[in-house]
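> I have a structure I would like to understand better, so I am pasting it below and will then ask my questions one at a time.
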Amino acid sequence: MKKVLVINCGSSSLKYQLIDMETEAVEAKGLAERIGIDGRLKHTPAGKDTVVIEEAMPDHNKAVELVIGALTNPEYGVIKDMSEITAVGHRVVHGGEKFNSSVLINEDVIKAIEECSDLAPLHNPANLIGIRACQKLMPGTPMVAVFDTAFHQTMPEKAFLYAIPYKYYEQYGVRRYGFHGTSHRYVSERVAALMGKKPEEIRTVVCHLGNGASVCAVDHGKSVDTSMGLTPLEGLIMGTRSGDMDPAILSYLMGKEHMNIDQMMDVLNKQSGVLGLSGISSDFRDIEAGQKEGKAGAKRANDAFVYRVAKFIGAYAAAMNGIDAIAFTAGLGENNAAVRKEICSYLEFMGVKICDKRNAVRGTEALISTDDSKVSVFLIPTNEELMIARDTMELVG
Ligand code: AMP
């Protein structure tokens, strides 16, 4: 029996899933949170209740130790011992230009991930801490790194370059990298499968709409453009991130509000987007409720969000000289039928037609366009963990 442990490690949290690769079923999943603060582990064996373990987690080593303890616990564990785990797949946020696919982790790979930390100072160091902790507690178990950026490495130069002096790309790697790549890859492959086609036969726009949100143009199986950039701040309006705007706003506002650059970046990353526009919340459930209550801020944020997504889909239709499919995924894309419909209503000019009955669905794979729609529109729940596990198995053999 081949089993892969998938790890997504943040600075104070660690998410995990244990996947049986013969059935691709999740045997257990969980979240270690408040690492370095106090510590809590929520562990859910498949089909059973969640167990909450309150135990001090001063560091990630302790968190991994507790995860191993939960997975092998005689009462709520799912394996006898760690030798049942074939390999570990780690989500790594930034692979820069060094990684265009997943790789088996060795010391050279760790060094290269470290070198990319400059580009993702909040994420890559945390991912590395998770890798080191697992290596320490599971010596001899092969580990694989799966990068959020890798899928987008097929973008052509015209899509990834910013129109600033070229030397900044050469010297510092300033370019569009894009994120959510594992999700865009998974969803675009599912779209092809549902259409009975190969990924190389279709042009798809994937809309990953969660708290972080991005759109990706997938042309015959390859990412050719995506809305996030050097960092995840660019592109769509997100929960708390501004997305696209005139860069001159920074100096203008910094002058007016006497802010330094750190304060300005905090505004753009944490106080903007749906939260900033609505003045209500970054969570779209609150925006939906606010609209029903007639709150102007809720409508303002909803309308701007939807409009921005539609504009990107239009742009990517031009980038690919047409599109065959659109897919919605992530928290909002999977759960909010009104947002899906509003976005698609901008696209009627290209023959997109949503079927209200089919669109009245959440969290499950579904075709939501009419039979005579020129573009097939899908809801596809994303599954980054499964993609990480598959890549891991493929590399480990
Ligand atoms: P994510 O970052 O993928 O977890 O997505 C977060 C966004 O998805 C938030 O704006 C939520 O309002 C929305 N969302 C998540 N789950 C649901 C749900 N069950 N119903 C409605 N919206 C949801």
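> In whole percent, how big is the carbon plus sulfur part of the accessible area of the stretch 199-340, probe 1.4 Å, protein atoms only?
Details: 3150 of 6020 Å².
That fraction is 52 percent.
> Still on this structure, please answer the following. With the full set of protein chains in place, find how many percent of the accessible area of the stretch 35-145 is carbon and sulfur; take the probe as 1.4 Å. It would help to have the intermediate numbers written out before the result.
On the way: 2740 of 5350 Å².
Roughly 51 percent, rounded to a whole number.
> Have a look at the DSSP beta bridges in the chain and tell me what percent are antiparallel, nearest 5.
Values: 40 of 58 bridges.
The antiparallel fraction comes to roughly 70 percent.
> Are there any GluC sites (Glu not before Pro) in the stretch 1-31 that are in a DSSP loop and have at most 10 other Cβ atoms within 10 Å? List them by number. Walk me through the numbers on the way to the answer.
Values: sites: 22, 24, 27; in loops: 22, 24.
Answer in residue order: 22.
> Shifting gears a bit: Could you give the nm distance between label points at residue 200 and residue 101, where each point is 7 Å from its Cα heading toward the beta carbon?
Between residue 200 and residue 101, the simple spin-label model gives 1.4 nm.
> Among 290, 46, 162, whose Cα lies farthest out toward the positive end of the dipole of the chain, if unit charges sit on the beta carbon of Lys, Arg (+1) and Asp, Glu (-1)?
Going by the Cα projections, it comes out as 290.
> A further question follows. Report the Stokes-Einstein translational diffusion coefficient (µm² s⁻¹, integer) for the stretch 1-137, Rh taken as the Kirkwood radius over Cα pairs, at 20 °C with viscosity 1.002 mPa s. Don't skip to the end; give the middle numbers.
Values: Rh = 15.4 Å.
For these conditions, the coefficient is 139 µm²/s.
> Oh, and also: State log₁₀ I(q)/I(0) for the chain at q = 0.12 Å⁻¹ as given by the Debye formula over alpha-carbon point scatterers of equal weight, solvent excluded.
Scattering profile of the chain, log10 relative to I(0): -1.03.
> Let me ask something else about it. Check the straight Cα-Cα distances from residue 374 and name the lysines below 20 Å, setting aside those fewer than 8 residues away within the same chain.
Cross-link targets: 197, 198, 311, 341, 353, 357.
> Pick from 208, 180, 123: which residue has the top mean-square fluctuation in a GNM of the chain where Cα pairs under 10 Å get a spring?
123
> So which lysines pass the test for residue 158, namely a Cα distance under 17 Å, with those fewer than 8 places away in the same chain ruled out?
Within the straight-line cut-off, residue 158 pairs with 167, 222.
> Counting only helical runs of four or more DSSP H residues, what would the 222 nm mean residue ellipticity of the chain come to if each run contributes -39,500 (n - 2.57) and the total is spread over all its residues? Don't skip to the end; give the middle numbers.
Working: 15 runs with 151 residues, N = 397.
So the helix-based figure for the chain works out to -11000 deg cm²/dmol.
> Hey, if we sort 76, 186 by accessible area with the 1.4 Å probe, largest down, what's the order? Spell out each step's value before the answer.
Working: 76 45, 186 25 Å².
Per-residue accessible area, sorted high to low, gives 76, 186.
> Just flag the GluC sites (Glu not before Pro) in the stretch 252-353 sitting in loop per DSSP whose Cβ has no more than 16 other Cβ atoms within 10 Å. Please list the in-between numbers first.
Values: sites: 257, 288, 293, 334, 342, 348; in loops: 293.
When the GluC sites (Glu not before Pro) of the stretch 252-353 are filtered for loop state and at most 16 Cβ neighbours within 10 Å, 293 remain.
> Can you work out the accessible area per residue across the chain, with the rest of the protein chains kept in place, probe 1.4 Å, in square angstrom?
Details: 18120 Å² over 397 residues.
Each residue of the chain exposes 46 Å² on average to a 1.4 Å probe.
> Which value, in nm² and rounded to one decimal, describes the direction-averaged projected area of the C-alpha convex hull of the stretch 317-395?
Values: hull surface 25.4 nm².
So the Cα hull casts an average projection of 6.4 nm².
The values are calculated or read from the model by the stated rules, or taken from the named source; none is laboratory data. All of these numbers come straight from a predicted model, not from anything done at the bench. No Cβ is skipped: glycine too gets one built from the backbone with ideal geometry, and neighbour counts run over all protein chains shown. Please note that ligands, DNA and RNA were not included when accessible areas were found on the heavy atoms of the full protein model with its side chains. Shrake-Rupley method; radii C 1.70, N 1.55, O 1.52, S 1.80 Å.
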